[in-house]
1. Looking at segment 137-160, which of its residues are in a loop (DSSP other than H, G, I, E, B) and at pLDDT 90 or above?
2. Sort through Gly5, Gly76 and tell me the only one that's modelled with pLDDT under 70 and open to solvent by less than 50 Å² (accessible area, probe 1.4 Å).
3. Among the residues of segment 97-118, what is the count of those that are surrounded by 15 or more Cβ atoms within 10 Å (Cβ to Cβ) and either modelled with pLDDT under 90 or not in a strand (DSSP E or B) (or both)?
4. Restricting attention to segment 127-145, does a residue exist that is open to solvent by less than 50 Å² (accessible area, probe 1.4 Å) and free of Cβ contacts under 8 Å to residues at least 24 places away in the same chain?
5. Among the residues of segment 108-127, what is the count of those that are within 20 Å of Asp149 (Cα to Cα) and among the aromatic types (Phe, Trp, Tyr)?
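The values are calculated or read from the model by the stated rules, or taken from the named source; none is laboratory data. Since this is a predicted model, take the numbers as computed values, not measurements. Glycine also receives a Cβ, built like all others from the backbone with ideal geometry; neighbour counts cover every protein chain displayed. To get the accessible areas, we keep the full protein, side chains included, count just its heavy atoms, and leave off ligands, DNA and RNA. Shrake-Rupley method; radii C 1.70, N 1.55, O 1.52, S 1.80 Å.
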Amino acid sequence: MECLGVSSYQNLQALSALLSTQQEEDEDEDLSTAYTKKTSKDIWSEEEVAEGSQYDDLADPRPQPEYEIILKQSVGTEDLFLGLSQKDPSSMCCEAMLVKIKLPDTKAKDVFLDLKEKYLDLRTPKYKLGLHLPHPIQNQEGKAQFFSDRQELEVTLLMK
C-alpha cells in the first residue's frame with residue numbers, strides 16, 4: 001500500500017509543477033498583451049469604430065428622410081410546405097435587403113448614393129441619411145430605382 005501512496009504523491013507533485021509552469025506562462029502573455037494595449041495612443045481600436053462614422057456630420061442641418069428596411073428571402077413550395085431547405089423566418093436566412101426611402105420634392109438626378117459593407121450614405125439637396133445596416137452587404141452588387149410618382153427610392157442590396 002505504501003508503494004501506491006508514494007507513487008501517487010510523486011505524480012501529484014509532478015502534476016502540480018507542470019500546472020504552475022503553465023499558469024506563469026499564461027500570466028506573462030496576459031501582461032505583455034496588456035502592456036501593448038496601454039502603450040498605444042489610440043483611444044479605440046479599428047474594430048470598435050463603426051463603419052461610416054466618417055460621414056457623420058453633426059453640423060449639417062438637413063433632415064433625415066423616412067425610411068423602411070425590409071428583409072427578403074427566396075422561398076419555394078418545397079420550403080413552404082415541406083421545409084426541405086432548412087430556412088426559417090429569421091434574418092439570418094435572408095438573401096436580400098430592401099431599403100425604401102421617401103424623398104419628397106426630390107428628383108432622381110439630385111440623389112447621391114454610396115454603399116459600404118455595413119453603411120448606406122444618401123445625400124440630396126434637401127435630405128441626408130447615414131444608415132448603419134443591420135447585416136453586411138455586397139456593396140458592388142445591388143440595384144437602386146427611383147419612383148417619381150411615389151417620390152421614393154428603393155435600394156435592393158444582396159446580403160453576404
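1. Taking segment 137-160 and keeping what is in a loop (DSSP other than H, G, I, E, B), we get 138-142, 148-151, 160.
Scanning segment 137-160 gives Ser148, Asp149, Arg150, Gln151.
2. Working: Gly76 fails: modelled with pLDDT under 70.
Criteria check complete, one pass: Gly5.
3. The qualifying residues number 5.
4. No, there is no match, as no residue in segment 127-145 is open to solvent by less than 50 Å² (accessible area, probe 1.4 Å) and free of Cβ contacts under 8 Å to residues at least 24 places away in the same chain.
5. Residues flagged as within 20 Å of Asp149 (Cα to Cα) and among the aromatic types (Phe, Trp, Tyr) within segment 108-127 amount to 2.
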